Structure formats: structure tokens, C-alpha cells
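Below is one structure, written out as C-alpha cells, with a few remarks after it.
The values are calculated or read from the model by the stated rules, or taken from the named source; none is laboratory data. Here the structure is a predicted model, which means the values were calculated and not measured. Virtual Cβ from ideal backbone geometry, glycine too; neighbours counted across all protein chains shown.
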There are 2 protein chains.
Amino acid sequence: MAEEAIAAEERLTPRQREILKILIQAYISSAEPVGSSTIQRIGQLGVSSATIRNELCILEELGYLTQPYTSAGRVPTIKGYRYFVEQLVGRVELPASEQRTIRHQFHQIRLHLDQWMRLSAAVLAQTSRSVSLVTPPRAARSRFRHLHLVSISQRAAVMILVLGDGRAHEEVILTADYTDQDGLNQVSNRWNHTLRGRSLREVRASAETGLASAEGWEGELLARITQLMEESDRASVGEIYSDGLANVLRHPEFLEIERFRRVVNMLQHASLLEPILLRMLNTNGVQIIIGGEGPYEAIEHVSLVLSRYGIKHTASGVLGIMGPVRMPYARAISTVGYVAQLVGSLMADVYGAYA
Amino acid sequence: MAEEAIAAEERLTPRQREILKILIQAYISSAEPVGSSTIQRIGQLGVSSATIRNELCILEELGYLTQPYTSAGRVPTIKGYRYFVEQLVGRVELPASEQRTIRHQFHQIRLHLDQWMRLSAAVLAQTSRSVSLVTPPRAARSRFRHLHLVSISQRAAVMILVLGDGRAHEEVILTADYTDQDGLNQVSNRWNHTLRGRSLREVRASAETGLASAEGWEGELLARITQLMEESDRASVGEIYSDGLANVLRHPEFLEIERFRRVVNMLQHASLLEPILLRMLNTNGVQIIIGGEGPYEAIEHVSLVLSRYGIKHTASGVLGIMGPVRMPYARAISTVGYVAQLVGSLMADVYGAYA
DNA sequence: TGTTAGCACTGTCTCATGGAGAGTGCCAAG
DNA sequence: CTTGGCACTCTCCATGAGACAGTGCTAACA
């Protein structure tokens, strides 16, 4: 609806667009309301401040700007930011030197998904100077790949379950007393043979048929496997990796402690961000959510710049950054876009033609 | 040294001890300097405020108290807190009802180390209303237990390495082209046979002898295994689990944003806390570090209540909480002690007579 | 010798006050 | 449509006075 309104009744003149752009850029870098004389000074428009004042008045009436109080400068509204992001910000590439630095860091580390995510989070946080978030890549539908059992005592074993997306789930399980590694191998061989490549539904079916013959602890093992696959299939993005929380404190908007606490809570309790992140899994390119627009009221005062990454339908996650609404969007978009693309190609390299 | 000084020259009279205790308790709960009349009111000492003032004066001279400014009430110094913790706080048990709640939560979850740590962190944070930290249990010296390779594409596999402490390390490695699961099994069987139960040194030796015959990628695999074992042996506590960061913001001492930022940094960059946590691994019982005493200047304004947990020498970690120096120590000590003991006994249950 | 009442003193905190300053909206002229 | 001019409005900051809390000291008392 918002877009329609902009398109239909509110065509801005080139000068208005220019003024809006300069104002928002100035506000993003200064964090202080911008007045007509500032705009006149930094934007070489060749008109007087009075003219600019008139234009500002119009932009305010149209809802792109507000004044914090009667005689301060102007500040962008969410609608203003959205217009800025969609129409005024040119898509810039991340400077080649920064691209090189980032690539270099990625090539130095091990081929470990965990480490990739950690590094992505670190790189995003550092480059954008805000909090980053990264969710692990997940398959749309999990498949059984491999089960392995390692004895750790007479009645306990480590169960390692590798699912289709290449992630291993590790957990201690209790076995029958005096089960040795040979016994464990027999069990895992049997199920690996039966279940390889199967989906949750098929695994569940096989488990039910096969279980009549299975020992007690083996039944629990099977139950646990289906449960893990269920959890993996359930709409959930899993754990959120994050870095750079301290960066948030740089921004004056988070001096108000309550807002900061909200950010901390969002990062620690994934549930708040989950609906947003899940929606991202079906998108392409960098998506921007500004200050709790639309259905996202919960994240008032916060903007998100996010992108899906990975191999579509096979192993996709979400990465991006979170910052104040007054965020340097151009830079944020190019950073997030670059990291997403880089990690995606690394994954494709390793996972190859992997189904 | 500090203890000696206290013992030798500074015997406090019973009344002074009582006054100090009341003052610190009052300060802990109110966060505001405590004056002589407050002490008279809440502690039934049967003396006038003037007498209390005299005693306060002495306690200040001895270094247990200070005044924020000339005519405010008194506030404990670090020395005061230390005396309080060591001599005045009786060791109380956690209320039975809270013990029950905590036990209940632990019995509801899976036998997964990761989950235990997460739950410990959550319980500690919630019960103590401050930030919690938990490090994974580690063996003093790592031993090779089991290697497993799962093919995920023609040239990549998931390597799963289980070490002596039962932790699995998972990582993607590149293999020779067209290596299938059978090929991987051959490799892992060979090394499992040779290396089971071996220490880092022995593994390194075997790797060198065996490598002449090994293919290129197998060499890298071996190198990676020794590297992982080295990392595990190196003085390091691993990743720190934490919860309840937002709780810190409840305390007025962290309204000063810089202090809060320090806390965030400590939690995200384990290196700052590592020396402290490592030292904890050789202790028994709950240890208390108050406001960067002694060698811990870096953690000024913060107190730690920590305890080792797990099975000594086999799999020990550290858990505890971090909060303002003005911390309800009695409660903190009993909470940390209880959780450490509980997790320890759960681990003993599962790992059993496990070497 | 230890305790107490009384009192002057010292610092913080809060609130009101009054410019200074920034930026606006509007008007009338170009 | 643009511009200079100007009254107006609101915040911000420094200042100062008064309330308040709690002290240290002194002198009297048991």
C-alpha cells in the first residue's frame, strides 16, 4: 500500500528528491536534526534556505519528515527512510580493498560450517560497525544421511547423526548395560543400511516396522532420530550466531537503556526474530526492514539488513546486520550482499553437486 | 597478604563486625550509601547513631569502607566485601523449592552436553538475576577415541573426531576426487585401529610413521587431527556459554555505558576471562573474585562467583555468574554451588566409570 | 573509658530562572 | 516561484538558591 501511495499521488520533484536525499544522508552521519541552512550549505542547490524551507514543509506534509519539536531541524520518518532506500540510494559495491580483506579472512580458515558462520558474523559486525546475525544453513526437508555410535562407557554412547544438509547432531544416549563398540556398530550398520537418504516420513515408517525386533534402548534411539529430524524440519532457523553487540552502544539512539535491552533480548531469544528470518529464506537479494514497519512492530527503533545465503532449497541460512533506523544503508547493503554471496560460493565449492 | 593483615593487626570487635555486616547487606539491597541512622534503625544494636558513627569512622580508617563524598553515607570497599564474604556471610543452602525447580528442569532435557550447558547458563542467569557463564568440560589431556568420515560429495566429507572427554569435533574436509563412502571407511578403520586411546604425542608419532603410505588428503586429515588435539590440549577453556546479559542492565552500576560494554566484550572475547577460568579448573568449591582484586585488574567493577564442575581430571568445566561488585553473595554462592554439584552428578551418572 | 546529644559544616540533588541559539513559518517584495 | 526579513518557539546550558542527608567534633554524662 505504501508503495502505491508513493507512486500515485506523491511524485516528488527532482529538487525534493535531492533535498530529501541530502537531509537523510546528513542525518545518518550526524544523528542530529538537519535544518534548511545545513542543506543549503552542503548540497549545492543554488537556491536560498527559504526555498528549501518551503520544500521541507511539503516533504513534511507528505510524511517523509518530522520535526522533533517546533523549531528544530527535520528528521526522516520511516516512510522517508523507505523512500531513501528504495529510490535514492544507488546500489554501490563494497570497495575492492575491503572485498579483498574479507575474502582473505575466509580463505584462511578451516572448512567448518561453524567457523564460517562465526567468521561471517565477525566480518559483518566489524565492517558495518553494528550487530550481526547469522543463522545456520538448513535443508528445506531433512534426509537421513548417516548414523554413528561411539561407546563412551558401559551404558552410554555418543550418537552422531548426520543429516542431508551436512550438519552433524551429537548427543549422549544411554544404551543397554555392557553394550560394547561392536554391538553399537551392528546397530548403526543396520539402520544406516535401511535409512540412508530417507525423509522424515520414511524414517518414521521404517522405524515402526523395524522396531518389533529392536531392543529397548534401540527403540529410544530411533525415537530420538525421528525427533531430531522433526526439529530440523520444523519451521525454525536454529541458533543465531551474533557478533559486535558492543557496537550498538556506539549509537546515541541506544543510550536509552530500554532499547538496548530489547536488542539483547532479540539476540538471545531467537523466537522474536524467527518469523522475520524464516520469511527471508524465500527471498533473493538483500532485504531491508526499517524500524518495525508493517507486521514487525516488535522491533521498533531497529532496522535489519538481511540476505539469504547458501544453496537454495538445499542449505540456506540468513545473515545480516541489525542497527538503529538511522543506519548507513548503502554501506550496509553492499556489505551484507557481498558476504552472503561469498559464503554461498564457498559452500557451493565444498558441497559441490551434493544433493 | 590481605588475609594476614586482617588476621594480625585488625581484629574487629563483635560490634564492628555486626555494623559492617548490616551496612553491606543494606548497601547490597539498596545500592545507596548507608548512613549511621539507617544502621541504627534496621540493626537492633541498642546504641545511638553517634556511637555507630564512631565505629564507622574506625572501619573507614581500617579500609573496609569509604564515602563517595564528604557527607554521604558509607559504601564498602573491596576489602570490605572480601571480609564480608569470608567472615560474615554464613554459607546458606539454596531453598529446597528452588533446588527442586532446578532439578526438575535438568531432568526434563536430553542427555546432551550442549543442552546441559545451555540449561545451566539459563538457570544460573534466572536464579541469580545476573549474567551467567559456563565453559564446556574438558579433559586435562586429550586422547583419540574415534574417527568417522561421512561422504557428502565426491570431493568432500564430514570428519567427526571424538576425543577422550566425549566431545565430538565436526568439520568438512576435502578428499581426493571420487572418494566414496567405502574408501572413507577404509581410511577411518585403519586409523581408528592404530590410534584408539592414544595421546597427542603418540598420535603425532604414529601419523609420521604411517604417512609415507598415505594419500595426499589423508595426510591433511592426520594433520588436522593432531591440530584439533593440540587445540584441545592447549590452555584454553573453549567457547563460553552465557545467558542473561540483559539482567546486567538492571543494576544501576551498569548505567554507565562503558562498564556495560566491558562486560559484553568479556563475554564475546573469551581471552579476557580465560586466565581466570583456567585457574578455576584446579580449585574446589565456589570461588569468589571481587572487583578485579589482585591480578585481575581488567575486570574492575565486576565480581565473579565461579565453581569448577564435572569429573576431576577427566572432564572439568567452569560455571558461575558475573555481576556488579555489589552482589548478593550469599545467594550467588549457594546457586552456583548447587548447579555445579548437580551438573557434576549428572555427568558422573552418564559417563559412569568412563576413563 | 565508652556513650550520647547537640550542632555547625559540607557536599549532592532538585528545581526554577533566564539568556543564547538554532530553526521555523509567514509575509511582502522581487 | 523565489527570496530576504523578522517575529516566534522551543531546547539547551549555566547559574543559583534551598532542601536534605549525613558527617565530624565537642562537651556532657554514666
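Every residue, every condition in (1) farther than 30 Å from B:Ala121 by Cα; (2) in contact with a Gly (Cβ under 7 Å, 6 or more places away or on another chain), yes or no:
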| residue | (1), (2) |
| --- | --- |
| A:Leu249 | no, no |
| A:Ile257 | no, no |
| A:Gln268 | no, no |
| A:Ser271 | no, no |
| A:Ile288 | yes, no |
| A:Gly294 | yes, no |
| A:Ile299 | no, yes |
| A:Gly323 | no, no |
Which is in contact (Cβ under 8 Å) with a residue 24 or more places away in the chain, facing chain A (nearest Cβ under 10 Å), surrounded by fewer than 17 Cβ atoms within 10 Å (Cβ to Cβ) and polar (S, T, N, Q), of B:Gln99, B:Gln154?
B:Gln154
Out of all the residues in the stretch A:63-79, which are more than 14 Å from DNA strand D (Cβ to nearest atom) and in contact with a Lys or Arg (Cβ under 9 Å, 6 or more places away or on another chain)?
A:Gly63, A:Tyr64, A:Leu65, A:Pro76
Candidate set from the stretch B:13-35 (those that are free of Cβ contacts under 8 Å to residues at least 24 places away in the same chain and surrounded by 15 or more Cβ atoms within 10 Å (Cβ to Cβ)); member that is nearest to DNA strand C (Cβ to nearest atom):
B:Ile22
When the stretch A:273-320 is examined, which residues are found to be of a type in the set (Gly, Ala, Ser) and part of a strand (DSSP E or B)?
A:Ser303, A:Ser307, A:Gly310, A:Ala315, A:Ser316, A:Gly317, A:Gly320
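Find the residue count for the stretch B:17-35, including only residues that are closer than 20 Å to B:Gly90 by Cα, within 12 Å of DNA strand D (Cβ to nearest atom) and of a type in the set (Ser, Thr, Tyr). Steps first, please.
We begin by selecting, within the stretch B:17-35, every residue closer than 20 Å to B:Gly90 by Cα; these are B:17-29.
Restricting the remaining residues to those that are within 12 Å of DNA strand D (Cβ to nearest atom) gives B:19, B:23, B:26-27.
Checking which are of a type in the set (Ser, Thr, Tyr) leaves us with B:27.
Residues in the stretch B:17-35 being closer than 20 Å to B:Gly90 by Cα, within 12 Å of DNA strand D (Cβ to nearest atom) and of a type in the set (Ser, Thr, Tyr): 1 in total.
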Pick from the stretch B:284-299, criterion out of contact with any strand residue (DSSP E or B) (no Cβ under 9 Å at 6 or more places or on another chain) and over 23 Å from B:Thr335 (Cα atoms), ranking: modelled with the highest pLDDT:
B:Pro295
Kindly indicate the residue of the stretch B:179-229 that is basic (Lys, Arg) and without any contact (Cβ under 8 Å) to a residue 24 or more places away in the chain and also nearest to B:Ala139 (Cα to Cα) among those meeting that condition.
B:Arg201
Collect the residues in the stretch A:126-151 that are within 16 Å of A:Thr101 (Cα to Cα) and surrounded by 22 or more Cβ atoms within 10 Å (Cβ to Cβ), keeping them in residue-number order.
A:Thr127, A:Ser128
How many residues are among the basic types (Lys, Arg) and within 8 Å of DNA strand D (Cβ to nearest atom) if we restrict to the stretch A:36-62?
1
Inspect the stretch A:282-293 for any residue being touching a residue at least 40 places away in the same chain (Cβ under 8 Å), of a type in the set (Asp, Glu) and more than 14 Å from chain B (Cβ to nearest Cβ) and give the result as yes or no.
yes
Checking A:His313 against (1) surrounded by fewer than 18 Cβ atoms within 10 Å (Cβ to Cβ); (2) without any contact (Cβ under 8 Å) to a residue 24 or more places away in the chain; (3) not polar (S, T, N, Q), which test does it fail?
(2)
Return yes when B:Ser128 is more than 14 Å from every other protein chain (Cβ to nearest Cβ), farther than 17 Å from B:Ser345 by Cβ, in contact with a strand residue (DSSP E or B) (Cβ under 8 Å, 6 or more places away or on another chain) and of a type in the set (Gly, Ala, Ser) and no when it is not.
yes
Can you say whether A:Glu60 is in contact (Cβ under 8 Å) with a residue 12 or more places away in the chain, among the acidic types (Asp, Glu) and either more than 16 Å from DNA strand C (Cβ to nearest atom) or crowded, with 18+ Cβ neighbours inside 10 Å (or both), as far as the supplied structure shows?
no
A careful count of residues in the stretch B:302-328 that are modelled with pLDDT under 90 and over 13 Å from B:Met280 (Cβ atoms) gives 4
Count of residues meeting criterion [touching a residue at least 40 places away in the same chain (Cβ under 8 Å), out of contact with any strand residue (DSSP E or B) (no Cβ under 6 Å at 6 or more places or on another chain) and more than 26 Å from B:Pro136 (Cβ to Cβ)] in the stretch B:230-264
4
Out of B:Leu59, B:Leu94, B:Leu88, which single residue is aliphatic (A, V, I, L, M) and touching a strand residue (DSSP E or B) at 6+ places or on another chain (Cβ under 8 Å)?
B:Leu59
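A:Tyr69: within 28 Å of A:Val34 (Cβ to Cβ), of a type in the set (Phe, Trp, Tyr) and within 16 Å of DNA strand C (Cβ to nearest atom), yes or no?
yes
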Restricting the search to the stretch A:232-247, which residues are more than 9 Å from every other protein chain (Cβ to nearest Cβ), in a helix (DSSP H, G or I) and buried (at least 19 other Cβ atoms within 10 Å of the Cβ)?
A:Ser232, A:Asn247
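Taking only the stretch A:39-51 into account, find how many residues are more than 19 Å from A:Tyr81 (Cα to Cα) and either among the polar types (S, T, N, Q) or within 9 Å of DNA strand C (Cβ to nearest atom) (or both).
Residues in the stretch A:39-51 being more than 19 Å from A:Tyr81 (Cα to Cα) and either among the polar types (S, T, N, Q) or within 9 Å of DNA strand C (Cβ to nearest atom) (or both): 6 in total.
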Those strands (runs of 3 or more DSSP E) lying entirely in the stretch B:139-216 with at least 1 residues within 21 Å of A:Leu111 (Cα to Cα) and out of contact with any helix residue (DSSP H, G or I) (no Cβ under 8 Å at 6 or more places or on another chain):
B:156-163, B:168-174
Failed condition for A:Asp349, given (1) without any contact (Cβ under 8 Å) to a residue 24 or more places away in the chain; (2) more than 14 Å from every other protein chain (Cβ to nearest Cβ):
(2)
Exception for A:Val264 within (1) more than 9 Å from chain B (Cβ to nearest Cβ); (2) aliphatic (A, V, I, L, M); (3) assigned to a helix (DSSP H, G or I) falls at (1)
With basic (Lys, Arg) and either farther than 26 Å from A:His112 by Cβ or modelled with pLDDT of 90 or more (or both) as the only criterion, which of A:Arg198, A:Arg234, A:Arg167, A:Arg141 stands out?
A:Arg198
For B:Trp191, work out the one condition from (1) surrounded by fewer than 20 Cβ atoms within 10 Å (Cβ to Cβ); (2) at negative phi; (3) not polar (S, T, N, Q) it doesn't fulfil.
(1)
Among residues belonging to the stretch B:157-176 that are more than 10 Å from chain A (Cβ to nearest Cβ) and under 15 Å from A:Asp349 (Cα atoms), point out the one that is surrounded by the most Cβ atoms within 10 Å (Cβ to Cβ).
B:Thr175
Looking for whichever is within 14 Å of chain B (Cβ to nearest Cβ), in a helix (DSSP H, G or I) and either β-branched (Val, Ile, Thr) or in contact with a helix residue (DSSP H, G or I) (Cβ under 6 Å, 6 or more places away or on another chain) (or both) here; the options are A:Val343, A:Val336. Which one fits?
A:Val343
